[in-house]
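What follows is a set of notes on a single structure, which appears directly below.
The values are calculated or read from the model by the stated rules, or taken from the named source; none is laboratory data. On a predicted model such as this, the values are computed, not experimentally measured, just so you know. Cβ sites come from the backbone with ideal geometry, for glycine too, and all protein chains shown count toward neighbours.
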């Protein structure tokens with residue numbers, strides 16, 4: 001008996017019409033992929049199963065908001081990513097668990113895993129940067145977030161290139177101290193800072 005392949009827009013339309021057989025197709029199509037995604041970070045069968053269930057429950061709960069123009073995969077991975085990060089953040093309250101989390105995340109190599117790592121690291125770094133002195137914050141953001149050279153920053157702020165360099169060195173020292181106090185490897189920050 002041939003299995004009918006349903007297009008993404010028909011799946012979304014079926015979900016929006018609350019068709020349970022369509023939901024069953026989506027469940028069977030994505031459950032293993034979502035489980036594998038969660039397993040890369042959690043390494044716990046029960047937690048991974050919860051991620052799959054919560055992701056698909058969220059899909060069903062929000063089915064009327066789905067847009068047929070957008071594929072389901074990225075939407076489901078976004079939900080699973082958020083749920084996984086919530087679990088990891090809760091687990092990261094203990095120093096050893098936090099270090100294990102970051103070491104685990106740095107081993108991630110595929111695009112999805114890299115995106116999760118960068119998003120979480122960027123959020124943590126942003127919180128840390130906000131605690132820097134105002135001038136260091138400004139120069140760090142111009143350099144890291146806007147990609148300006150030391151010379152461009154010096155021109156924009158009407159200060160010397162050496163002053164820019166000194167502020168960046170101090171900002172990195174402060175970030176390293178904050179990361180060390182938080183139990184997160186400074187090497188991860190450097191890897192993030194130097195990424196293309």
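What to note about this one:
- The listed residue being free of Cβ contacts under 8 Å to residues at least 24 places away in the same chain, assigned by TED's automatic domain parsing to the domain that holds residue 75 and under 13 Å from residue 77 (Cβ atoms), out of 35, 30: 35
- Test result for residue 145, surrounded by fewer than 16 Cβ atoms within 10 Å (Cβ to Cβ), under 20 Å from the mean Cα position of the chain (by Cα) and at pLDDT 65 or above: yes
- Looking across the stretch 34-59, just one residue is exposed (fewer than 14 other Cβ atoms within 10 Å of the Cβ) and within 18 Å of residue 11 (Cα to Cα), and that is 57.
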